[in-house]
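Data first, discussion second: the structure below is written as C-alpha cells.
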Amino acid sequence: MKKRALSLLLASVMALALTACGSSAGNASTDAASDASGDAAFSTVTAGTLTMATNAYFPPYEYYEGDKIVGIDAEIAQAIADKLGLTLKIEDMEFDSIITAVSTGKADMGLAGMTVTEERKKNVNFSDTYATGVQVVIVPEGSDVKTVDDLANGKKIGVQLATTGDIYCVDDFGSDFVEEYNKGNDAIMALLSGKIDAVVIDNEPAKSFVASNPGLVILDTEYVTEDYAAALNKENDALLEAVNGALKELKADGTLDSIIKKYVPAE
Ligand code: ARG
C-alpha cells in the first residue's frame, strides 16, 4: 500500500515538473484561445466545443439532476470552457470508455474524478491535479470488517469496473474476491442486499451513497490517497496547456475552491 502511495506521489511530482517546463507555444494565430491559454493554438474534436467524457453516476463530481449532469466536474468543465471561449458538451458513458474516447479523438477531455495513474498515462495526458481523492471502504453497520486489512479474510468486495479501487483490490485481495459493477451505486445495492461484504470507492461518492442509504458506514482507515486530473489526448499538447492555464486561473481566483465547497461543505 505504501509503495503505491509513493508511486502515485512520484507521478504527480513528475506531472508538476513537466507542466513547469512547458511554456506556451507562442503561436498567435488563433482567436479560439483566450488569455487563459496563453498564445498556444489548440484544436478540439468539434470546433468551438469542448467535448467532455464522463460517467455521471459519481456524486458529487458528476450526477444527474433531472436530465442535466451537474457536480464539481461539470462546473469545473464549464468554467474551463468559458475561459477558452468554447461551448461545453458533456457525454455520459461507462467509466472504462472514457480513456478510449479521449485517446481515439471522440472527446477532448475526460473529467470524471479520474485518478492519475502511470498506466493511464500511457494512453492520455493528464492536466495539473484539481482535487484529492481517497479510496475508502463502506460496510454495513456492525460488520466485522473494521479495517482495510480485514478485507483479506475472504471478504467479497464490490467496486466500480476499471476504477483504481478495482485495480487495487484485485492486486491486494485477488480477483476471486472482487465483484465489478458498472456503477458505484450498483455495488452499494449489492452491499445492501448482502451479496457482498464491502464496497471500495472514492471518499466523496462514498459519503454521498452512505448519506442516502441508511445502515452503511465508512471505515475510518483510508485505503489509498490519489490525485484527480483531466485526461486529454496525447497528441494535443496545446489543449493540455490551455486547460492547465485555465485551471491555474481558476485556482488563483478562488473559483475552483468555491465550486468544491459548494458540493463538499466543510465538516
Ligand atoms: N478515482 C477513481 C478512478 O479514477 C474512480 C473514478 C470514477 N469516476 C466516475 N465518474 N465514475 O479510477
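Please find, within the stretch 149-159, the residue that is nearest to the ligand (Cβ to nearest atom) out of those that are touching a residue at least 24 places away in the same chain (Cβ under 8 Å) and either among the aliphatic types (A, V, I, L, M) or part of a loop (DSSP other than H, G, I, E, B) (or both). Restricting to residues being touching a residue at least 24 places away in the same chain (Cβ under 8 Å) and either among the aliphatic types (A, V, I, L, M) or part of a loop (DSSP other than H, G, I, E, B) (or both), the top hit is 159.
In this entry, residue 90 passes the filter for residues that are closer than 22 Å to residue 236 by Cβ, modelled with pLDDT of 50 or more, within 16 Å of the ligand (Cβ to nearest atom) and outside any helix (DSSP H, G or I).
Do we find that residue 208 is farther than 30 Å from residue 153 by Cβ, of a type in the set (Ser, Thr, Tyr) and assigned to a helix (DSSP H, G or I) in this structure? No. Check whether at least one residue in the stretch 31-44 is at pLDDT below 50, in contact with a strand residue (DSSP E or B) (Cβ under 7 Å, 6 or more places away or on another chain) and surrounded by 13 or more Cβ atoms within 10 Å (Cβ to Cβ), and report yes or no. No, that holds for no residue. The residues of the stretch 127-178 that are polar (S, T, N, Q) and crowded, with 22+ Cβ neighbours inside 10 Å, listed by number, are 127, 135, 160, 163, 164. For the stretch 199-234, a residue qualifies if it is at negative phi, away from the ligand (no atom under 16 Å from the Cβ) and touching a residue at least 24 places away in the same chain (Cβ under 8 Å), and the qualifying residues are 210, 213, 216, 217, 219, 221, 233, 234.
In the set (1) at pLDDT 95 or above; (2) outside any helix (DSSP H, G or I), residue 24 fails one condition alone, (1).
Filtered by the rule that a residue be in a loop (DSSP other than H, G, I, E, B), more than 11 Å from the chain's Cα centre (by Cα) and not small (Gly, Ala, Ser), the stretch 99-116 gives 104, 106, 108. Just to be sure, is residue 240 of a type outside the set (D, E, K, R) and within 15 Å of residue 44 (Cβ to Cβ)? Judged against the criteria, residue 240 is a match. Do you know which residues across the stretch 166-198 are of a type outside the set (Gly, Ala, Ser), away from the ligand (no atom under 16 Å from the Cβ) and without any contact (Cβ under 8 Å) to a residue 12 or more places away in the chain? Result: 176, single match. Being within 19 Å of the chain's Cα centre (by Cα) and not in a helix (DSSP H, G or I) is the filter; apply it to the stretch 180-203 and report the residue that is surrounded by the most Cβ atoms within 10 Å (Cβ to Cβ). Once the filter is applied, the top-ranked residue is 199. Considering the stretch 99-112, and only residues there that are among the small types (Gly, Ala, Ser) and within 12 Å of the ligand (Cβ to nearest atom), the residue that is surrounded by the most Cβ atoms within 10 Å (Cβ to Cβ) turns out to be 110. Pairs meeting the criteria (first residue in the stretch 109-121 and farther than 13 Å from residue 167 by Cβ, second residue acidic (Asp, Glu) and near the ligand (Cβ under 6 Å from one of its atoms), beta carbons under 8 Å, at least 6 apart or on different chains) are 111/62; 112/62; 113/62; 113/202.
Only a single criterion out of (1) of a type outside the set (Val, Ile, Thr); (2) crowded, with 20+ Cβ neighbours inside 10 Å; (3) in a helix (DSSP H, G or I) is not satisfied by residue 96, namely (2). Residues in the stretch 113-148 that are within 15 Å of the ligand (Cβ to nearest atom), closer than 25 Å to residue 191 by Cα and either of a type outside the set (A, V, I, L, M) or in contact with a Ser or Thr (Cβ under 6 Å, 6 or more places away or on another chain) (or both): 113, 115, 133, 134, 135.
The values are calculated or read from the model by the stated rules, or taken from the named source; none is laboratory data. Model, not experiment: these values are computed from the prediction. Cβ atoms come from the backbone with ideal geometry, glycine included; neighbour counts cover every protein chain shown.
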